[in-house]
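The values are calculated or read from the model by the stated rules, or taken from the named source; none is laboratory data. All figures in this text were calculated on a predicted structure; none of them were measured in a lab. Don't worry about glycine lacking a Cβ; one is built from the backbone with ideal geometry, like all the others, and counts go over all protein chains shown. Just so you know, the surface numbers come from the protein's heavy atoms only, side chains and all, with ligands and any DNA or RNA stripped out. Shrake-Rupley method; radii C 1.70, N 1.55, O 1.52, S 1.80 Å.
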Amino acid sequence: MAILQTNEMFKRELSHKQHRLTDEELAGVKAVVYEILCDVVAVCDDLGIPYMLGGGTALGAVRHRGFIPWDDDIDLNIERKYIDTLLDEIEARYKDKYYIEAPLRTPGYLSSWVMIHKNGTVFQEYLVKSGRENGIKIDIFVIESTYDNPLRRVWHGICCEAGLFLLSCYRMYLWREEFHALAAGNKKAEFVIRLKEMIGRMFASKGGYWYDRVERCLMRCTKENSRYVAIPSGRGHFWGELYKRETFLQTVPMQFEDKIMPVTADYDHYLQNLYGKYMELPPESAREHHIIYDVKV
């Protein structure tokens, strides 16, 4: 199914077709996402919730001691057992400042990670979304427990991967007009989108039911001291982000902009797993950018 993954294709091959942030806009977006990060981290510290920088934010901390120069977002990794407590407190403390989208919590939400948007801002990545759903945001990826038993772990992984692929196809079907317009002229993208659209059409009549089933599959293992954890909604999905709990959840302090924040102590393995030779700057043509239609800081 790797050939049918679309997130990286959109970021690398299609983002240039839409608005590219000016230096001023990029600086403004970074200031907002950093503000959100600091507020969320303050809540985590107050409640004793462990967290770590994830994805490109962890890479930025290790390689740049802050943001990747061309990057415009923030990623956090947080264990499943803390998510509801964290989101409840953010909503209570910052009711008018932030808008939360989270699986099985936000009606109509179709992604598998958590988004914390700042009200009154715009960072429009999809034309089908409107209002507060388009605010400048940070992403929280959920660290899930998975099984010690190899057979159960394999089955968990298969179900997670298949389920997330199904949801991707379902979104492709629902938002097909936007994706077809975006992919116009790119034969590879057009083929992948049409194929995923056809698959998504088969599940569309019960899309809400399948979304619920997939999300509950991700959190199926409830053993809080399992030997293994995974981040199924992350960049590498289940198999690409499967880690030993003991090593992955240990953290080390790392400079990120003007603060010290935790990164997994196993960051070398983590970043190699996600980016390969992560200390080498990619050529400009290979740098990832979000597809953006509109931005307002």
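K97: surrounded by 20 or more Cβ atoms within 10 Å (Cβ to Cβ), closer than 17 Å to A42 by Cα and in contact with a helix residue (DSSP H, G or I) (Cβ under 8 Å, 6 or more places away or on another chain), yes or no? Please lay out each step first, then the result.
Numbers: surrounded by 20 or more Cβ atoms within 10 Å (Cβ to Cβ): no; closer than 17 Å to A42 by Cα: yes; in contact with a helix residue (DSSP H, G or I) (Cβ under 8 Å, 6 or more places away or on another chain): yes.
No: the conditions fail for K97.
Could you check, for the stretch 145-155, whether at least one of its residues is closer than 25 Å to Y51 by Cβ, touching a Pro at 6+ places or on another chain (Cβ under 8 Å), surrounded by 18 or more Cβ atoms within 10 Å (Cβ to Cβ) and charged (D, E, K, R)?
First pass over the stretch 145-155, keeping only residues closer than 25 Å to Y51 by Cβ: 145-148, 153.
Now restrict to residues that are touching a Pro at 6+ places or on another chain (Cβ under 8 Å): none.
Checking the stretch 145-155: not a single residue is closer than 25 Å to Y51 by Cβ, touching a Pro at 6+ places or on another chain (Cβ under 8 Å), surrounded by 18 or more Cβ atoms within 10 Å (Cβ to Cβ) and charged (D, E, K, R).
Identify the residue in the stretch 46-55 that is under 22 Å from I231 (Cα atoms) and surrounded by fewer than 21 Cβ atoms within 10 Å (Cβ to Cβ) and, among all such residues, is farthest from the chain's Cα centre (by Cα).
Residues of the stretch 46-55 that are under 22 Å from I231 (Cα atoms), as a first pass: 48-55.
Next cut, surrounded by fewer than 21 Cβ atoms within 10 Å (Cβ to Cβ) only: 48-50.
On the way: G48: 23, I49: 19, P50: 18 Å.
Ranking the qualifying residues of the stretch 46-55, first place goes to G48.
Which ones in the stretch 208-225 are in contact with a helix residue (DSSP H, G or I) (Cβ under 8 Å, 6 or more places away or on another chain), farther than 24 Å from L174 by Cβ and surrounded by fewer than 17 Cβ atoms within 10 Å (Cβ to Cβ)?
Those that are in contact with a helix residue (DSSP H, G or I) (Cβ under 8 Å, 6 or more places away or on another chain), farther than 24 Å from L174 by Cβ and surrounded by fewer than 17 Cβ atoms within 10 Å (Cβ to Cβ): R220, E224, N225.
Does any residue of the stretch 266-282 turn out to be in contact with a Phe, Trp or Tyr (Cβ under 6 Å, 6 or more places away or on another chain), touching a residue at least 12 places away in the same chain (Cβ under 8 Å) and closer than 21 Å to R65 by Cα?
For the stretch 266-282, residues in contact with a Phe, Trp or Tyr (Cβ under 6 Å, 6 or more places away or on another chain), touching a residue at least 12 places away in the same chain (Cβ under 8 Å) and closer than 21 Å to R65 by Cα: present.
Could you check how many residues of the stretch 235-279 are open to solvent by 70 Å² or more (accessible area, probe 1.4 Å), at pLDDT 95 or above and not in a helix (DSSP H, G or I)?
Number satisfying all stated conditions: 9.
For the stretch 73-104, give me the residue count where each residue is at negative phi and either in contact (Cβ under 8 Å) with a residue 60 or more places away in the chain or under 15 Å from the mean Cα position of the chain (by Cα) (or both). Outline the logic, then answer.
At the first step, the residues of the stretch 73-104 found to be at negative phi are 73-103.
Restricting the remaining residues to those that are either in contact (Cβ under 8 Å) with a residue 60 or more places away in the chain or under 15 Å from the mean Cα position of the chain (by Cα) (or both) gives 73-81, 83, 98, 100-103.
Matching residues across the stretch 73-104 total 15.
Starting from residues that are modelled with pLDDT of 95 or more and within 18 Å of M115 (Cβ to Cβ), keep the ones in the stretch 56-77 and report whichever is surrounded by the most Cβ atoms within 10 Å (Cβ to Cβ).
N77
For the stretch 172-194, check the following and say yes or no: at least one residue is closer than 22 Å to S233 by Cβ, acidic (D, E), open to solvent by less than 30 Å² (accessible area, probe 1.4 Å) and in contact with a helix residue (DSSP H, G or I) (Cβ under 7 Å, 6 or more places away or on another chain).
Scanning the stretch 172-194 turns up no residue that is closer than 22 Å to S233 by Cβ, acidic (D, E), open to solvent by less than 30 Å² (accessible area, probe 1.4 Å) and in contact with a helix residue (DSSP H, G or I) (Cβ under 7 Å, 6 or more places away or on another chain).
Answer yes if at least one residue in the stretch 41-58 is hydrophobic (A, V, I, L, M, F, W, C) and more than 22 Å from E144 (Cβ to Cβ), and no otherwise.
Filtering the stretch 41-58 down to residues hydrophobic (A, V, I, L, M, F, W, C) leaves 41-44, 47, 49, 52-53, 58.
Then keep just the ones that are more than 22 Å from E144 (Cβ to Cβ); that gives 42.
Checked the stretch 41-58: at least one residue is hydrophobic (A, V, I, L, M, F, W, C) and more than 22 Å from E144 (Cβ to Cβ).
Working only within the stretch 147-177, note down all residues that are among the polar types (S, T, N, Q) and over 19 Å from the mean Cα position of the chain (by Cα). If you could, list the steps in order and put the result at the bottom.
At the first step, the residues of the stretch 147-177 found to be among the polar types (S, T, N, Q) are 149, 168.
Once the filter is applied, which keeps residues that are among the polar types (S, T, N, Q) and over 19 Å from the mean Cα position of the chain (by Cα), the stretch 147-177 yields only N149.
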